[in-house]
Amino acid sequence: MAVKIVFLGPLRDMAGAESQEVEAPLDWAGLLATVGDEVAAQLSEERVNIACAGRVLADKSALQAKDGDEVALLPPVSGG
Amino acid sequence: MAVKIVFLGPLRDMAGAESQEVEAPLDWAGLLATVGDEVAAQLSEERVNIACAGRVLADKSALQAKDGDEVALLPPVSGG
Amino acid sequence: MKDVRLLTEMFIPGALVGPFTQAHPGLGGVCTFVGEVRGGEGQDTGVEALELSHYEPLTLRSMEELADKAIERFDLMGLLIVHRVGEMRVGEPIVLVSAAALHRRGAIDAVDFCMDHLKSAAWFWKREKREEGWRWIEPHAGDYADLARWSKKNRQFDLDQGSS
Amino acid sequence: MKDVRLLTEMFIPGALVGPFTQAHPGLGGVCTFVGEVRGGEGQDTGVEALELSHYEPLTLRSMEELADKAIERFDLMGLLIVHRVGEMRVGEPIVLVSAAALHRRGAIDAVDFCMDHLKSAAWFWKREKREEGWRWIEPHAGDYADLARWSKKNRQFDLDQGSS
């Protein structure tokens, strides 16, 4: 297994894919290096969140995804 | 025809009647003298309103009911 | 569409809200409040029945005026106000307010506004039947406070005083 | 009774609100908000369809947590939250929140609270289809302001950040 990066909402269009599999482990620097410049720029914005293994990270830069984890990139939401 | 005084809500129980017919014309002093002490005491309270001919009076003491008018005594409301 | 009704018979909220919603294609949201006679099963309130009386020459007209105010103030596409009068049993609906608007804030606020006014500034008088007999209900202090939220002048009543 | 649902198919609000109301005998009031896809007849918005996507590992859980908060905060007897995902046409319901309480204020405020949170603090992403194609929608500044009303700290987001 590996780490699966999932692109949500508008980030999906930006990445040109729904998801991407990368080698474990994956940290913040590794994530930024993997997703391409445009998505990486978005990730640096405060209003874009990251979830790892079903939990939203309070501090994105503390990302430590291990084998089998799903990392979701969550842009600003718009429900209702 | 005369002036019809209509008792609403709890004032109906107090007056012991739904309505009462009196000689026209009827002014504030006449009304107080007609309806009995208990209802008269209620009418003096600010939160009790009076309508004459389908209009709520901004100043109760300005009541001037003429032949055929209906005078409604409106205690504090409780709808919904 | 303004639809204001005083009903003397039991009504089914869903049977009114469905057609009301359908009548406003293009709406963004509909907010509905239904008030029922509290008590009965699971609620030891002791209330057996409720009676709402009103003063016909004023009641419907004041509800119409309330509806006009709400439609203008909250930019509504439609407003439905239904109020029962007469004797009701526990669980029966007393009042229904449904507001249709392009945006949710207008719809929700309009329902809030209308309910506060119907509670303590419309010409209804309520009494409850308990084991010991009938008892008149006055609005609570909380109802007056709710009403005052809508008035800059914080007047206790916001009724149309007519032309007198 | 807490009832939280994510639906992939069209739903009829009345078919859910009726049974929800029946399930709470003794209630004082039920407030319901239904949001629909705006546009179409009489509304020249140009929207042909709407798509709501979500992130399944978070969405339903965050809605459940929102419901728990609202039930406690507003002393509710019951709360129903239904949210569509997938592609919807103009006029179809997107979201339904229905709150049952002993008193109207709790029911109305709970609906207001839940809608504000679903609008800008739940894991949904919305895009619209117009003649020129699909376009992603972000929450408006007004939605953030609405949400901030419920928070003493005025934080922009009020999402559960989990245990991380």
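A short reminder: the numbers here are calculations on the coordinates, not readings from a lab. Predicted model, so just to flag it, every value in this text is computed and none were measured. Cβ sites come from the backbone with ideal geometry, for glycine too, and all protein chains shown count toward neighbours.
List the GluC sites (Glu not before Pro) in chain B that DSSP assigns to loop (not H, G, I, E or B) and whose Cβ has at most 13 other Cβ atoms within 10 Å. Which are they? List each step's numbers first, then the result.
On the way: sites: B:GLU18, B:GLU21, B:GLU23, B:GLU38, B:GLU45, B:GLU46, B:GLU70; in loops: B:GLU18, B:GLU23, B:GLU45, B:GLU46.
Taking chain B and a limit of 13 other Cβ atoms within 10 Å, the loop GluC sites (Glu not before Pro) found are B:GLU18, B:GLU23, B:GLU45, B:GLU46.
Protection proxy ranking of D:97-110, D:132-145, D:60-73, B:24-37, by the mean of other Cβ atoms within 10 Å over each peptide's residues and highest first, is D:97-110, D:60-73, B:24-37, D:132-145.
Need one value for D:17-27: mean number of C-beta atoms belonging to other chains within 10 Å of its residues' C-beta atoms. Before the final figure, lay out each step's value.
Numbers: counts 6, 5, 0, 0, 6, 1, 0, 4, 8, 12, 10.
Partner Cβ neighbours, averaged per residue: 5.
Each of D:ASP75, D:ASP116 has some number of other Cβ atoms within 10 Å of its Cβ, and from fewest to most they run D:ASP75, D:ASP116. For the range D:2-153, a simple Cβ point-charge model (Lys and Arg +1, Asp and Glu -1, everything else neutral) yields a dipole of about 480 debye relative to the Cα centre.
Filter chain D for me: DSSP H helices, axial length by Cα at least 24 angstrom, mean Kyte-Doolittle hydropathy not below 1.0. List them by residue number.
Numbers: long enough: D:56-73 (26 Å, -0.67); D:104-120 (25 Å, -0.26).
Within chain D not a single helix satisfies the rule.
Just check the range A:2-74 against the gyration tensor rule for me: Cα atoms, a ≥ b ≥ c as the square roots of the eigenvalues, rounded for a/c under 1.5, and otherwise prolate or oblate depending on whether a/b exceeds b/c.
Details: a/c = 1.43, a/b = 1.17, b/c = 1.22.
Here the range A:2-74 falls in the rounded category.
Counting Cβ atoms of other protein chains within 10 Å of each Cβ in C:50-60 and taking the mean gives 4.
A Cβ-based charge dipole, computed about the Cα centre of the protein assembly as shown with Lys and Arg at +1 and Asp and Glu at -1, lands at about 380 debye.
Each label point was placed 7 Å from the Cα along the Cα-to-Cβ direction; for B:GLN64 and C:ALA49 their separation is 4.5 nm. Annotation for C:ASP68, label-to-label distances across the other copies: 5.0 nm (shortest first, one decimal, point 7 Å from Cα along Cα→Cβ).
Ordering C:GLY133, C:PRO57, C:ALA145 by the projection of their Cα atoms onto the charge dipole of the range C:2-153, which places +1 on the Cβ of Lys and Arg and -1 on the Cβ of Asp and Glu, puts C:ALA145 at the extreme positive end. Applying Stokes-Einstein at 20 °C and 1.002 mPa s to the Kirkwood radius of chain C, computed over alpha-carbon pairs, gives a translational diffusion coefficient of 129 µm² s⁻¹.
What is the range D:1-68 by shape, rounded, prolate or oblate, if you read a ≥ b ≥ c off the alpha carbon gyration tensor as root eigenvalues and call it rounded for a/c under 1.5, prolate for a/b larger than b/c, and oblate otherwise? Display every interim value, and only then the final one.
Numbers: a/c = 2.66, a/b = 1.35, b/c = 1.97.
In terms of gyration-tensor shape, oblate.
In whole Å, what is the distance between the alpha-carbon centres of the range B:1-45 and the range A:1-21? Their Cα centres are 78 Å away from one another.
Distance from the alpha carbon centroid of the range D:69-128 to that of the range B:47-68 works out to 46 angstrom. For the range A:1-79, trypsin sites (Lys or Arg not before Pro) are listed when DSSP marks them as loop and at most 14 other Cβ atoms sit within 10 Å of their Cβ; the list is A:ARG47, A:LYS66.
Remark: mean inter-chain Cβ contacts per residue of A:1-10 equal 3, using a 10 Å Cβ-Cβ cutoff to other protein chain atoms.
Size of the dipole of chain A about the Cα centre, Lys and Arg at +1 and Asp and Glu at -1 on the beta carbon, nothing else charged, in debye to 20?
Numbers: 6 positive and 13 negative charges, 46 e Å.
With Lys and Arg at +1 and Asp and Glu at -1, about 220 debye.
Between A:GLU18 and A:GLU38, what is the FRET efficiency for a Förster distance of 22 Å, r being their Cβ-Cβ separation, to the nearest 0.05?
Working: r = 16 Å, r/R0 = 0.73.
That gives a FRET efficiency of 0.85.
With both labels modelled 7 Å from their Cα along Cα-to-Cβ, the D:ARG73 to C:ALA145 distance reads 1.9 nm.
Let me have the 222 nm mean residue ellipticity of the protein assembly as shown computed from DSSP H runs of 4+ only, each contributing -39500 (n - 2.57), with the sum over all residues rounded to the nearest 500.
So the calculated ellipticity at 222 nm is -9000 deg cm²/dmol.
A label point on B:GLU46, set 7 Å along the Cα-to-Cβ line, lies at 4.8 nm from each of its counterparts in the other copies, closest listed first.
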